[in-house]
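I have placed the structure first, in the form of structure tokens, so that the comments after it can refer back to it.
The values are calculated or read from the model by the stated rules, or taken from the named source; none is laboratory data. Given the structure is predicted, the values throughout are model-derived calculations rather than measurements. Heads up, the Cβs are rebuilt from the backbone with ideal geometry, glycines too, and the neighbour counts pull from every protein chain shown. Surface accessibility is based on the protein's heavy atoms, side chains included, excluding ligands, DNA and RNA. Shrake-Rupley method; radii C 1.70, N 1.55, O 1.52, S 1.80 Å.
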Amino acid sequence: MISPALGGAFHIEAIQPLLDGGRFPVKRIVGEPVGVEADIYRDGHDIIAAALLWRREVDRDWQRVPMQHDVNDRWHGQFVPCQLGRHLYAIEAWTDQFATWRHGFELKLNAGQDVSLDALEGAELLSRTAASDQVGAVIQRQCQLFLESGDYQALLAPELMAAMALAQPRPDLTRSPALPLMVDARPRCRLMVDRPRARAGAWYEMVPRSQSRTPGQHGTFRDCIARLPDIAAMGFDVLYLTPIHPIGRTNRKGRNNALAAAPGDPGSFYAIGSAEGGHDAVHPELGTIEDFRAFVAACHALNIEVALDIAVQCSPDHPWLKQHPNWFRRRPDGSMRFAENPPKKYEDIVNPDFACDDAGSLWNALRDVLLFWVAQGVSIFRIDNPHTKPFRFWEWLIREVQLRHPDVIFLAEAFTRPKLMKGLAKLGFTQSYTYFTWRVQKWEIEQYLRELTGVPERDFFRPNFFVNTPDILPFHLQSGAPWAFKARLALAATLSASYGIYNGFELLEHRPIPGREEYLDSEKYEIKARDWDQPGHLKSYIRALNEARRRHPALLQTNDLRFVEINDEHVIGFIKRSIDGHNTVGVAIALSGDVHEVWFPLGDTLIEVGGELKTPVAVENLITGERLPVQWGGLQLRIDPARNPALLFQCLA
């Protein structure tokens, strides 16, 4: 709850949206309305007026729109941000003296009471109001008309009411109170306005060195370009690259994370840095920086954005260790402190010391790395393990980058405790990895999505559902069953506006290290060559899902999601509606390989058609185009996972 501002007569409370009292910005998409609500009240019976103010953080002038009163002292207003970047918004309230006078005057007049003195008081309000142009002319004309004629109606003219609402003095003007850790003299609520890709996108994770079709041969950026038509045909919007930097040789890891590398082993691409360069260089076997720019241009030509993996860690051979030895910690015996996650050790990696005496230079260097890649055409960064670095660093870094380039998107790869994951989202990360990878049962999927789409999470936490990663081969995919791969893909692509797969998923790769959720022969430590067209691939299924997402905006948002009651613990059903209300999609997905006959209730589902809300009379399958009538308020569905574990349909009115 927000306390009343000092000296003000008004209470401005329960502002929504508001995140941690204004400490962190809520997130919205450019060009879409931002609704703001608040409780606004004061003592007495005077009539209140209120306005919603907003501006970009870097601007000085505020824009204003009137707020409307609902019931029980609740007010609402909305504005549409037209530019990317950080915004501020605030609420102002004041006593509408003329409206208060007018209301009392009309009551007395209608009751037949003597209102001569009241009329003079009204005229006095007009005479104290200084305004110019047309507004001032209206006020002066009506005041003069009353004084000359004595006609009370001159004081009740609608145009005078409108003019006084704009021009009258506001001696008790109260702005929503100061919020903590803000820079302005009167800190305000904060808003981060992003582009649409911040909310929705289909991500494909690629390991660049594995894109050669020749076994054992290191892939190049030209090989990556050759793969682009295939990736674009599957309908992906974002191509996310694992680290592309030079790889260290000291303590280089061998196949399957072996401590000793054999001759020819390429090492882990997370051991960043060698004599050839660090975080602002590309691995020589991939090509040159010019080759990388050509790759980015080829992606953009296919309407694919490039996301780059940023891991804030170094190989012992990274140039920074010689150039800035004070950025790194050593043990009491003088040896280098390698990265650890006990009992795990990463002998090929050292972490910079964010608390070193020269931390400012370290922070600036890491910022400059990101700005370098932005200059090469990268607008999305996937940050590796951000929860292991200081939160204040990320808040500073994201702000530094987005003040220069407000279109840059940050994805937090943090599989850690829930509050840490949400804390990263609050401080500025655009999107976040989630626990979806391990949510398998119907009840836990529903419970988790209700958490993510509830308040306040929906205002700051944008999930990105990855079905697998280079580090994670979930147990439920280790059978290699095609229906299971399809079901997990459909769940990710329809539940979340943003989702992703790691290359090889489309080929049903599923060989684990026995008893663990990790890939055997992981390409983190070796180069793989694949036949991307081998029999049994899922490319056409992926393409169909992504095409359905692009045609139906209901699937490109996460917040408006309602689960429906299906009497089968192995079938999950839900309904999603687009932000404008014009597109409503139902989804039913089997969570087991059995054939399921289920009733899908549409219940109180409504569709907006021509400004009217109507109940659906039919549905259309998003994949096959087949139409079915809605009978008895729902649908009888048959799901055969061997063919397709997911049914997607648009509701028609």
Value of relative contact order over the stretch 277-414, rounded to a whole percent, pairs C-alpha under 8 Å and six or more apart: 27
Interchain or long-range residues, amide H under 5 Å from Asn583's placed H: Ser578
Sparsely packed trypsin sites (Lys or Arg not before Pro) within the stretch 65-142, loop by DSSP, other Cβ within 10 Å at most 15: Arg128
Share, in percent, of DSSP beta bridges within the chain that are antiparallel, nearest 5: 70
In sequence order, calculated HN-Hα J values of the stretch 416-428 (Karplus, 6.51, -1.76, 1.60; Hz; x Gly/Pro): 9, 5, x, 5, 5, 4, 6, x, 5, 5, 5, 6, x
Calculated FRET value between Gln323 and Leu520, using beta carbons and R₀ = 51 Å, to 0.05: 0.85
Apportionment of accessible area to carbon and sulfur, the stretch 493-577, percent (1.4 Å): 45
Computed E for Gln478/Asp59 - FRET, C-beta separation, R0 51 angstrom, nearest 0.05: 0.45
Simple label model, 7 Å out from Cα along Cβ direction - Phe563 to Glu106, nm: 5.0
Amide proton proximity set for Ile380, modelled H, under 5 Å, gap of 5+: Leu308, Ile409
In sequence order, calculated HN-Hα J values of the stretch 285-300 (Karplus, 6.51, -1.76, 1.60; Hz; x Gly/Pro): 6, 7, x, 10, 5, 5, 5, 5, 4, 5, 4, 4, 4, 5, 5, 4
Distance in nm between pseudo-label sites at Gln631 and Ala297 (7 Å out along the Cβ direction from Cα): 6.0
Distance (nanometres) between label positions extended 7 Å along Cα→Cβ at Glu276 and Trp396: 3.2
Principal semi-axes in Å for the stretch 330-463 [√(5λ), Cα gyration tensor, largest first]: 29, 22, 13
The chain: calculated mean residue ellipticity at 222 nm from DSSP helix runs of at least 4, using -39500 (n - 2.57): -8000 deg cm²/dmol
Nearest-ten-degree value, helix 539-551 long axis tilted from longest Cα axis of the chain: 10
Most to least accessible of Arg64, Arg170 (protein chains only, probe 1.4 Å): Arg64, Arg170
Length gained when the stretch Lys345-Asp640 is fully extended (0.36 nm per residue, less Cα-Cα span): 101.6 nm
3J(HN,Hα) from dihedral phi, the stretch 505-513, Karplus parametrisation 6.51/-1.76/1.60, rounded to Hz, x for glycine, proline: 4, 5, 9, 6, 5, 8, 7, x, 5
Long-range amide H partners of Val630 with built H, under 5 Å: Ala618, Val619
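DSSP loop GluC sites (Glu not before Pro) in the stretch 611-653 with at most 14 other Cβ atoms within 10 Å of their Cβ, which ones?
Answer by residue number: Glu626.
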R0 of 56 Å, Cβ-Cβ distance Ala131-Thr615: FRET efficiency to nearest 0.05: 0.65
Correct choice for Cα extents along the principal axes in Å that was computed from the model, options (i) 103, 69, 42; (ii) 128, 65, 49; (iii) 86, 69, 46: (i)
Set Lys253/Lys486; Lys442/Lys539; Lys253/Lys528 screened for pairs whose C-alpha atoms are more than 24 Å apart: Lys253/Lys486; Lys442/Lys539
Links that overshoot a 18 Å alpha carbon limit, given the list Lys345/Lys419; Lys419/Lys576; Lys389/Lys422: Lys345/Lys419; Lys419/Lys576
Length-normalised contact order of the chain in % [C-alpha pairs under 8 Å, at least 6 apart]: 11
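Normalised by the residues of the stretch 502-646, what does the relative contact order come to in percent, with Cα pairs under 8 Å and at least six apart?
After rounding, I find 17 percent.
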